[in-house]
Amino acid sequence: MKVISLISGITTILLLLSTLICGLWIKSHGLANNIDSLAFHMKIGITSVIFGLFSAILLIIQVIKH
């Protein structure tokens with residue numbers, strides 16, 4: 001369980017950083033009207049939220065067990 005939590009946490013951090021970098025890149029290059037760029041950014045964002053929730057649930061489970 002500890003390894004799964006660690007992997008999930010690292011994946012969540014990487015996805016959130018990727019979302020942030022991607023969003024700033026879209027803003028700086030003026031691609032806010034480009035549907036393909038926004039769709040890709042939304043996929044990364046949604047995946048980040050899912051992994052964040054998964055990490056939070058794993059953390060809650062670990063706290064309850066100890």
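The values are calculated or read from the model by the stated rules, or taken from the named source; none is laboratory data. From a predicted model like this one, the values you see are computed outputs, not experimental measurements. Surface accessibility is based on the protein's heavy atoms, side chains included, excluding ligands, DNA and RNA. Shrake-Rupley method; radii C 1.70, N 1.55, O 1.52, S 1.80 Å.
Structural remarks
- With all pairs of different C-alpha atoms in the average, the Kirkwood value for the hydrodynamic radius of the chain is 13.0 Å.
- Across the range 43-56, coupling constants 3J(HN,Hα) worked out from phi with the 6.51/-1.76/1.60 Karplus curve, θ = phi - 60°, read 4, 5, x, 5, 4, 4, 5, 4, 5, x, 5, 4, 5, 5 Hz, and Gly and Pro carry x.
- Accessible carbon and sulfur surface of the chain relative to its total accessible area, %, 1.4 Å: 79
- For Lys43, a cut-off of 30 angstrom between C-alpha atoms picks up these lysines, skipping any fewer than 8 places away in its own chain: Lys2, Lys27.
- Accessible area per residue in Å² at 1.4 Å probe, computed on the chain: 78
- Amide H contacts of Asn34 (H built 1.01 Å from N, under 5 Å, at least 5 apart or other chain): none
- Angle between the chain longest axis and helix 2-28 axis [Cα atoms, degrees, rounded to 10]: 20
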